[in-house]
């Protein structure tokens, strides 16, 4: 491919090596491309590590298997949380930030050498924390609540990782400035970039919260500080811990829009609405620290109610909006592509054989129905009394971060491979099933943990039979069934996850190179009846123009809303039967 | 397309489709409803966590619990070595969370209210009353007072559901609830 070798050319005003993407005609800065690759590879490595650890956790929770001894279980559980929730997700998000800035804005990356420093710091920090945990004396869980004390290097590794991520965010912001200065795009940034900006702004807040609490805790673990207040620790730590999940939400919503745009030519129904929804994330998500403090002593109910609801549920409103505008944009695009029959032809005839699409749509559905609904219920002040620290909590966040974010990132990978790595996806037949295996596995894990939590089973607990306890206790038999099913679905998710890692690694190493000839083909199955491709001369300028009536989406949203409301009221009913408490 | 800049520079003037507006309206009202539901439950609901909390030195709290046990002890909980304590209805009841037990075993009467004090002698713990499924976080240094009213008799367990180190899964407690007037 003539342009693939890397020309010295000018992007904006400054000389940079770039190639021209055969699909999108965008100029791709080779420095940005290398950084995207490095961060994506690191992400997949940590996903593989964390995924195996997660399987060990599930197999220990499965009472009939009960694989690990207690000390190993707590160590593995600590490492599992760190590797998937932090390392996998944030490395992948760095790749997304560089993609959404340099690539989508047709621009060179600002200060790639700083991005490499960020990468090295993040790798070093992640490895330092991992090695410290595996030494066995830092089994303090992902949250490391004081006065549980880990080795100083546990905190130091996290601080290094966070500093690296912060530098990465600064490179992203710098690239936005460069793009604007050098006029590499017209008008406003694309919606996907806007979503990435939301993610990066939240990331800065998150990392600042992390620094505020982890640096003193590190000094405390070294003996320089005598006391860390337990409640203050949790309040600030969750400013990092929960807000960092909102980076994920912003990022994976941006990924949903991106996949729908690349595969189907979907446009936002309304730029104004979708951007406002992202803005809600920036404005209100930081209040979510309260979600973890609802049954805590020492905070007033007024504080809890205001914060846990993100001020009148305005951040939830943001997600509810995306929950309609993403399928809406897909429906409008498919109808424009000619799939106009009935309510659901657009969905039935969508490219389900393309793992990027099936992964994206499964992620959308499960994030909303499982992660979203359970999150709002869990985050309701009084309802939390029935759920705090039970398996309901990991049930909820496996619905958001695994079935939602992780699956969305996996789906995007099937486009990153041909577009950035310029390799065809290996074993397309297997790749077609991968999102289903992983998605159904992750959905099952979430649902059965939600079920076990509803029955009261404690999270982070090695032995639900209480064999060693002096005062014995038995959870209901159904809880044992739930945890057995959780184990089975964890195996399914692991098969899907292993397939993802294998396909990704094999494609990068041995995949057929992508040239101009096979570039479109490499994206996988696309809609058969594409009326327009890339150009939009014959259709409206925004997504809903001429396609404002979207009966399929309205139906899906109505089903979602009814499920949400019913489940919400059922939980109030349960609460009303609880022992009176005041 | 969402991966390209908006096609018209003045995108914020573009009309929003009716269906989208309707959903935004419904979603916003639903959010308002859920917000006021929490406030409504504070006024009318019976399950609200108290905000009565005092700072207390952990060793001082241990002494209070020991004095409470001495005052109301009626025997032992089988051969477990735990004292069985039956405080009078309406009184202040103390439970101590520490590595790795909830101490002592309490005996309460159905339908009566008690001011349950919760605190920890060492690390954070989770008070998880089962199978009722009522969960409250316990901090060292904070004495949380919750008024609790058992509505059923039987043997209830307290499980620690905040990870507290190597023996976390052995950390349990017990609350016995008897019919009014019985068992003292």
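None of the figures in this text is laboratory data; all of them are computed from the coordinates on show. Just so it is clear, the model here is predicted, and its values are computed rather than measured. Every residue, glycine among them, receives a Cβ derived from its backbone with ideal geometry; neighbour counts consider all protein chains shown.
Here are the numbers for this structure:
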quantity	calculated
Sequence of A:309, A:358 once ranked by neighbouring C-beta atoms within 10 Å, starting from the fewest	A:358, A:309
Per-pair calculated FRET efficiency, R0 = 25 Å: residue B:46 and residue B:182 via Cβ, rounded to 0.05	0.55
Between 0 and 90°, nearest 10: helix A:152-181 axis offset from chain A longest Cα axis	30 degrees
Peptide A:562-569, shielding by other chains (average Cβ, 10 Å cutoff)	1
Estimated inter-spin distance, residue B:151 and residue A:173, nm [label 7 Å along Cα→Cβ]	5.2 nm
Mean ellipticity per residue at 222 nm, deg cm²/dmol - from DSSP H runs of n ≥ 4 across chain A, formula -39500 (n - 2.57)	-20500 deg cm²/dmol
Fraction of antiparallel bridges per DSSP, the protein assembly as shown only, in percent to nearest 5	75 percent
Whole-angstrom gap from the range A:71-97 to the range A:305-338, using each part's C-alpha centre	28 Å
Ranking of A:461, A:242, A:388, A:521 by count of other Cβ atoms within 10 Å, fewest first	A:521, A:242, A:461, A:388
Length-normalised contact order for chain A - Cα pairs under 8 Å, 6+ apart - percent	15 percent
Highest-first arrangement of A:229-235, A:182-188, where packing means the average Cβ count within 10 Å	A:229-235, A:182-188
Average Cα contact separation per residue, the range B:53-178, under 8 Å, 6 or more apart, as relative contact order %	27 percent
On Cα atoms only, tilt of B:58-72 relative to the major axis of chain B in degrees	50 degrees
Chain B: most fluctuating residue of B:60, B:98, B:174 per GNM, C-alpha cutoff 10 Å	B:60
Förster-model FRET efficiency, 60 Å R0, residue A:227 and residue A:341, C-beta, rounded to 0.05	0.30
Peptide B:29-42, shielding by other chains (average Cβ, 10 Å cutoff)	6
In degrees, nearest ten, helix A:355-366 long axis to first principal axis of chain A (Cα)	40 degrees
GNM result for chain B, Cα springs below 10 Å: residue of B:43, B:129, B:99 fluctuating most strongly	B:43
Where a label projected 7 Å from the Cα of residue A:467 along Cα→Cβ would reach, residues of the range A:52-68 with amide N under 15 Å	A:60-68
Inter-part distance where the range A:429-489 and the range A:245-279 are each reduced to a Cα centre, Å	32 Å
Cα gyration tensor category, rounded, prolate or oblate, for the range B:53-178 with a/c compared to 1.5	rounded
Relative compactness, chain A, computed as alpha-carbon Rg over 2.2 N^0.38 Å	0.95
Pair residue A:300, residue B:92: separation of 7 Å Cα→Cβ label points (nm)	2.4 nm
Full-stretch length increase - residue A:113, residue A:474 - with 0.36 nm per residue and alpha-carbon distance subtracted	124.2 nm
Gap separating the Cα centres of the range B:115-184 and the range B:45-64, nearest whole Å	12 Å
Sequence of B:172, A:406, A:478 once ranked by neighbouring C-beta atoms within 10 Å, starting from the fewest	A:478, B:172, A:406
The range A:21-143: relative contact order in percent, alpha carbon pairs under 8 Å with at least 6 residues between	40 percent
At R0 = 51 Å, FRET efficiency that the Cβ-Cβ distance of residue B:7 and residue A:566 yields, to 0.05	0.80
